[in-house]
């Protein structure tokens, strides 16, 4: 899973690093003449400030992207924040400076799929991961919450009990305890379950600042977990999961 495209802005020219959400093969590029970018009113009022610089302005954008796969040619809408940055061209006889607009996305429609969910994944699990993808750029904590729900549903698929009965009353079994109830054959996967749980927990607490990077860590682990549970049982790297478990939440370095 290549997480780099989801950490960086994209520009109007050239290909983005995003995979098409429909075919999941072709990359997306900005469709010609579809970019609309304007400075916000708040930013425009700052022009009178002597210290104002163009690259300190605030912008919003909307545009269309298209899949370069000729068999697909899906169209995707995007909106978010535009940023001006100074670009220096050293190719000319003397360096030339110009401003280039970069775009930090907040929403895509249809949403991007950060990693490929295996076809063998149960529908109710896959649907929660899709909801996470839809919120990833705009609301990382909510995206992490939906991964946590997906984790609960994986445990249910594995027949791990959800409730305990005590004195005639039914009590919900905590996610952490459900992970502990996994059958012995899933012992090696417990680290993966726990890592996603810690990130999901952080997404549930408003005082915890959860970044896109944190959610990308959870996606990396979830991709491995889905492969282990629903595709194959061979050994896979678990160092990222162990790091998250060590911090009991997002990795802070």
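The values are calculated or read from the model by the stated rules, or taken from the named source; none is laboratory data. This structure is a prediction, so every number in the text was calculated from the model and none was measured. Cβ placement follows ideal geometry from the backbone for every residue including glycine, while neighbour counts extend to all protein chains displayed.
Consider residue 193 carefully, then state whether it is in a helix (DSSP H, G or I) and crowded, with 21+ Cβ neighbours inside 10 Å.
yes
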*asked:* What's the number of the only condition in (1) surrounded by fewer than 15 Cβ atoms within 10 Å (Cβ to Cβ); (2) in a loop (DSSP other than H, G, I, E, B); (3) in contact (Cβ under 8 Å) with a residue 24 or more places away in the chain that residue 85 fails to meet?
replied: (2)
*Unique residue being without any contact (Cβ under 8 Å) to a residue 60 or more places away in the chain, farther than 26 Å from residue 110 by Cα and surrounded by fewer than 11 Cβ atoms within 10 Å (Cβ to Cβ) when the list is 54, 50*: 50
*Here are 144, 126: which of them is crowded, with 19+ Cβ neighbours inside 10 Å and part of a helix (DSSP H, G or I)?*
144
*Test each condition in (1) within 19 Å of residue 3 (Cα to Cα); (2) modelled with pLDDT under 85 for residue 167 and report the one that comes out false.*
(1)
*Name every residue in region 7-47 that is in contact with a helix residue (DSSP H, G or I) (Cβ under 6 Å, 6 or more places away or on another chain) and in contact (Cβ under 8 Å) with a residue 60 or more places away in the chain, in order of residue number.*
18
*Can residue 120 be described as farther than 25 Å from residue 81 by Cβ and surrounded by fewer than 16 Cβ atoms within 10 Å (Cβ to Cβ)?*
yes
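Results for (1) closer than 22 Å to residue 11 by Cβ; (2) at pLDDT below 95; (3) in the same structural domain as residue 14 (by TED's automatic domain parsing), shown as yes or no for each residue.
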residue: 98; (1), (2), (3): yes, yes, yes
residue: 101; (1), (2), (3): yes, yes, yes
residue: 104; (1), (2), (3): yes, no, yes
residue: 114; (1), (2), (3): yes, no, no
residue: 118; (1), (2), (3): no, yes, no
residue: 127; (1), (2), (3): no, no, no
residue: 132; (1), (2), (3): no, no, no
residue: 137; (1), (2), (3): yes, no, no
residue: 143; (1), (2), (3): no, no, no
